[in-house]
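Structure first, then comments.
Read-outs throughout are calculated quantities, based only on the coordinates presented, and are distinct from any laboratory measurement. Computed from a predicted structure; not experimentally measured. Here the Cβ positions follow ideal geometry from the backbone for every residue, glycine too, while neighbour counts run over all protein chains shown.
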Amino acid sequence: MEANASLKYIRISPRKVKIVLDLIRGQKADKAMAILKYTPKAASEDLIKLLKSAMANAENNFSMDTSKLYVAKCYVCPGPTLKRIRAKDHGRAHRILKRTSHVFLTLKEQED
């Protein structure tokens with residue numbers, strides 16, 4: 001039995017989100033929450049919400065014990081890229097890519 005949660009179209013580059021996800025993969029849910037709370041990265045704030053959502057899904061939809069949950073899978077995929085233009089010298093224009101991410105998190109109950 002597993003509980004899933006997803007967060008789509010967040011305005012952070014997938015590369016930056018992956019760094020934080022690598023910290024919590026395989027950790028117990030409580031420890032993962034503590035790691036995210038004290039990690040000074042922009043993605044941490046959104047990932048705290050995602051982890052809370054997955055824990056709530058596990059508790060309410062599947063009647064899992066929240067003290068036994070651990071992060072079984074977590075990964076990020078690139079979402080659509082917003083393309084913007086910045087004016088440069090001599091009338092030129094340079095493209096700015098504002099990347100988005102889709103993040104997926106799966107919690108499982110640890111077996112004794």
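General remarks:
- Of the residues G91, G79, G26, the one that moves most in a GNM of the chain with alpha-carbon contacts below 10 Å is G91.
- Sites K49 and I85, calculated FRET efficiency, Cβ-Cβ separation with R0 35 Å, nearest 0.05: 0.65
- Simple Cβ-charge dipole of region 2-109, Lys/Arg +1 and Asp/Glu -1, about Cα centre, in debye nearest 20: 900
- Cut-off 18 Å (backbone N to label point 7 Å along Cα→Cβ of D65), residues of region 1-41: 1-3, 28-31
- When each of K8/K98; K28/K98; K52/K98; K37/K73; K18/K49; K37/K68 is checked by Cα-Cα distance, pairs over 24 Å: K28/K98; K52/K98
- Applying the Kirkwood pairwise sum to the alpha-carbon positions of region 2-109 produces a hydrodynamic radius of 14.9 angstrom.
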